[in-house]
Amino acid sequence: MGRPHGQRPGRPRLGRGLGRPAGLSRYRNAVWWGWNTPTASGNDVLGTRVPVLIAYGEHDTTANTPTPNPVAALNFSVPALHTAISGPHKIMVRMTCAGHQIVWEGQHKNVHNLSKQWLKQAKVDGRTEGRFVMAESGSLTPEPEPARSLVPDLD
């Protein structure tokens, strides 16, 4: 009988061959499985039959790459992902004073409460769509619109 999943591999006992449990890996494996802007934009399920909540830290440079990468699959932007989801039932929340590891940072209780609301009601503070900012206090406010240029377009 083989070793159960999750059992630590080590030296085999007498009479048993060396092997690894199926499905486990001891090194990090980056899999670009499709939760990105191109696949989200061609999907009629997200935001319709499947409501979407995206929470990210304002200092997260993993989910928001700071400069364009020549490899398109390595360019990430949470706001672009939110925009690409065609359905209306979608919320994006930017967590202040947080990075990529929100669940282990100062906003951990807020992201827990946010997730709890979403999973129980598919709503956050009674809302089912929009872009918001969550302060460290847990207060949720609409994200300000990007500033528009005051210089007229001459073209």
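The values are calculated or read from the model by the stated rules, or taken from the named source; none is laboratory data. The model shown is predicted, which means the values in this text are computed figures rather than measured ones. Side chains are part of the model used for accessible areas, which takes the heavy atoms of the whole protein and leaves out ligands, DNA and RNA. Shrake-Rupley method; radii C 1.70, N 1.55, O 1.52, S 1.80 Å.
Couple of notes before you dig in:
- Flag for Ala55 being assigned to a strand (DSSP E or B) and small (Gly, Ala, Ser): yes
- Flag for His112 being over 12 Å from the mean Cα position of the chain (by Cα) and outside any loop (DSSP other than H, G, I, E, B): yes
- Selection within the stretch 38-72 - under 12 Å from the mean Cα position of the chain (by Cα) and open to solvent by less than 60 Å² (accessible area, probe 1.4 Å): Val52, Leu53, Ile54, Ala55, Tyr56, Gly57, Asp60, Ala63, Asn64
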